[in-house]
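Novice: Please find one structure pasted underneath; my questions will follow.
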Amino acid sequence: MIKQALISVSDKTGVLDFAKALSALGVNILSTGGTAKLLQENGVPVTEVADYTGFPEMLDGRVKTLHPKVHGGILARRDLPEHVAKLEEHGIPQIDMVVVNLYPFQQTVAKDACALEDAIENIDIGGPTMLRSAAKNHRDVVVIVDPSDYGVVLAEMKGVGNADAVGGAPVSYETKFRLAKKVFAHTAQYDGAITNYLTSLGEDRQHATRSSYPQTLNLSFEKVQDMRYGENPHQGAAFYRDLVATPGALASYRQLQGKELSYNNIADADAAWECVKTLGGLGQPAGCVIVKHANPCGVAIGVDALDAYTRALQTDPTSAFGGIIAFNVEVDGRAAQALSKLFVEVLIAPRFTEEALQIMAAKQNVRLLEIPLGEGQNAYDLKRVGGGVLVQAPDAKNVGLGELRVVSKKQPTQQQLQDLMFAWRVAKFVKSNAIVFCANGMTLGVGAGQMSRIDSARIASIKAQNAGLSLSGSAVASDAFFPFRDGLDVVVDAGATCVIHPGGSMRDQEVIDAADERGVVMLYTGTRHFRH
């Protein structure tokens, strides 16, 4: 039974209604500071911890719950007579429930102007100590760190057996253990955030510098699902979601139908989704990206989902078979009807109309993912290596028109500028070495992942030829500079009339001279998009 609960929360979401419900069940409530004041002002009977312990809060609230009468009541094992006897000897009542969440340290240090003093004052001491004490003794104590669990606990207390008795019905061991695990995960994340912040500061007395890459890096993820296998059947795998929500990220998906997502499904879906999100503002409202083995094999913009898909599919219909398709607009019935004719592993969009859902329901194995559009970025990109991990900022750079530099004698037309900008957005998501031919808002040929840039250019032109697409008058993007003129000659021979690449080679002038000799437009971005 829950006879006594200690409630002390920084996030007061739902706590008043929860405390009222506990009080109605006859639970005695202990509380501190602002939480106690909130409950008192709203008519909830509450005992201040200072009155309970007989020792006043002190040091500006730094010391209030760090007392044997608090921690003895939490940590005592009810199944050990010697523990129970010690409580009776020292007049310590049992505390059966601990409801605590912590000072907002992470929100505080996220502010650019955060001073070390402010950060230090937002390091909670008593809160984590009570949480860990209660979680350690979870067989006897219910511990709640997340307001979303208030309803779950109340439902068990009210739901069965002697729920009319003081304290209501017992909370199940399964629930108490789940809540305890949640607490240890939460306090570990909290301590990790403190470590990340402190070890990111310079060691001068003013701590004027703060690195984006702390000396000790702690990251926290929660498991979404176990997988049948990883990249290959002999590899185990699981999918974890970042505990810090990233708006618009793949991990926020809602699966509407289809089989369980595989490791490769998720990896390819992420490539498709990140690419399609960048296609807004390129002259057409709708964008479609088709991905196979983490590379875009067809990308297009259009007036609606059907138009964008139809154009994207033209680039490489063979590779699109069994691929991942992502849209940045709603998929309606017309688009779904066309999509239903192709074998697709995963279909992603911000929304699906009811008609589209009905059509796709006939393709039960197709995994439909609904993801809200958002501009959020992961804090870090990670690449595991033997015995360590490479950490970098995500490649969030989208070059704007104002950053382009024309280096050829020939100036681009407005249409060429639009084609080059589109090509550049696509090339960013193609594995290096990347060569992308585009025209009129659609890809014509994609060469990816080759050791030689010339080979990527040749493969891209072969792809276009196989699809029956002309490269005459096309635009070409290269994710990194052309180190020699031979790569440029290959794409111009294939039909390109304008080229965009970062520049920066020792032989830049040689390549610029080649562009002028061949009569093509060449633009520099000053930005490289290696993707390995």
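Novice: Can you name the residue in the range 291-320 that is of a type in the set (A, V, I, L, M, F, W, C) and in contact with a Leu (Cβ under 7 Å, 6 or more places away or on another chain) and is also surrounded by the most Cβ atoms within 10 Å (Cβ to Cβ) among such residues? Break it down into steps so the answer makes sense when it comes.
Specialist: Narrowing the range 291-320 to residues of a type in the set (A, V, I, L, M, F, W, C): 291, 294, 297, 299-301, 303, 305-306, 308, 312-313, 320.
Checking which are in contact with a Leu (Cβ under 7 Å, 6 or more places away or on another chain) leaves us with 301, 320.
Numbers: ILE301: 26, ALA320: 22.
My answer is ILE301.
Novice: Does GLY287 satisfy the criteria of being at pLDDT below 95 and either surrounded by fewer than 19 Cβ atoms within 10 Å (Cβ to Cβ) or not assigned by TED's automatic domain parsing to the domain that holds LEU469 (or both)?
Specialist: In short, no.
Novice: Continuing with this model, one more query. Out of the residues in the range 238-263 that are over 19 Å from ASP381 (Cβ atoms) and not polar (S, T, N, Q), which is surrounded by the most Cβ atoms within 10 Å (Cβ to Cβ)?
Specialist: Among those residues, the one meeting the criterion is TYR253.
Novice: Here's a follow-up. Of everything in the range 76-116 that's touching a Gly at 6+ places or on another chain (Cβ under 9 Å) and charged (D, E, K, R), which residue is surrounded by the most Cβ atoms within 10 Å (Cβ to Cβ)?
Specialist: Going through the qualifying residues, I end up with ASP96.
Novice: Restricting to the range 164-180, and then to whatever is in contact with a helix residue (DSSP H, G or I) (Cβ under 9 Å, 6 or more places away or on another chain) and β-branched (Val, Ile, Thr), can you tell me which residue is modelled with the highest pLDDT?
Specialist: Looking at residues that are in contact with a helix residue (DSSP H, G or I) (Cβ under 9 Å, 6 or more places away or on another chain) and β-branched (Val, Ile, Thr), I get THR175.
Novice: Being at pLDDT 85 or above and over 25 Å from TYR52 (Cα atoms) is the requirement here; does ALA85 meet it?
Specialist: In short, no.
Novice: Restricting the range 199-231 to residues that are more than 19 Å from the chain's Cα centre (by Cα) and in contact (Cβ under 8 Å) with a residue 60 or more places away in the chain, which is surrounded by the fewest Cβ atoms within 10 Å (Cβ to Cβ)?
Specialist: Checked the range 199-231; the qualifying residue surrounded by the fewest Cβ atoms within 10 Å (Cβ to Cβ) is HIS207.
Novice: Working carefully through the options PHE184, PHE177, find the one that is loosely packed, with under 14 Cβ neighbours inside 10 Å and either assigned to a loop (DSSP other than H, G, I, E, B) or not basic (Lys, Arg) (or both). It would help to see each step written out before you state the result.
Specialist: Working: PHE184 fails: loosely packed, with under 14 Cβ neighbours inside 10 Å.
Only one candidate passes the filter, namely PHE177.
Novice: Name every residue in the range 428-470 that is over 18 Å from ALA272 (Cα atoms) and among the aliphatic types (A, V, I, L, M), in order of residue number.
Specialist: Correct list: ALA439, MET451, ILE454, ALA457, ILE459, ALA460, ILE462, ALA464, ALA467, LEU469.
Novice: Oh, and also: Tell me whether the range 442-453 contains one or more residues that are in contact (Cβ under 8 Å) with a residue 60 or more places away in the chain, touching a Ser or Thr at 6+ places or on another chain (Cβ under 7 Å), under 18 Å from ILE324 (Cα atoms) and part of a loop (DSSP other than H, G, I, E, B).
Specialist: Yes.
Novice: A further question follows. Is there a residue being assigned to a loop (DSSP other than H, G, I, E, B) and touching a Gly at 6+ places or on another chain (Cβ under 8 Å) anywhere in the range 418-428?
Specialist: no
The values are calculated or read from the model by the stated rules, or taken from the named source; none is laboratory data. Only a predicted model underlies this, so the values are computations on that prediction, with no experimental measurement involved. All Cβ positions, glycine included, derive from the backbone under ideal geometry; neighbour counts span all protein chains shown.
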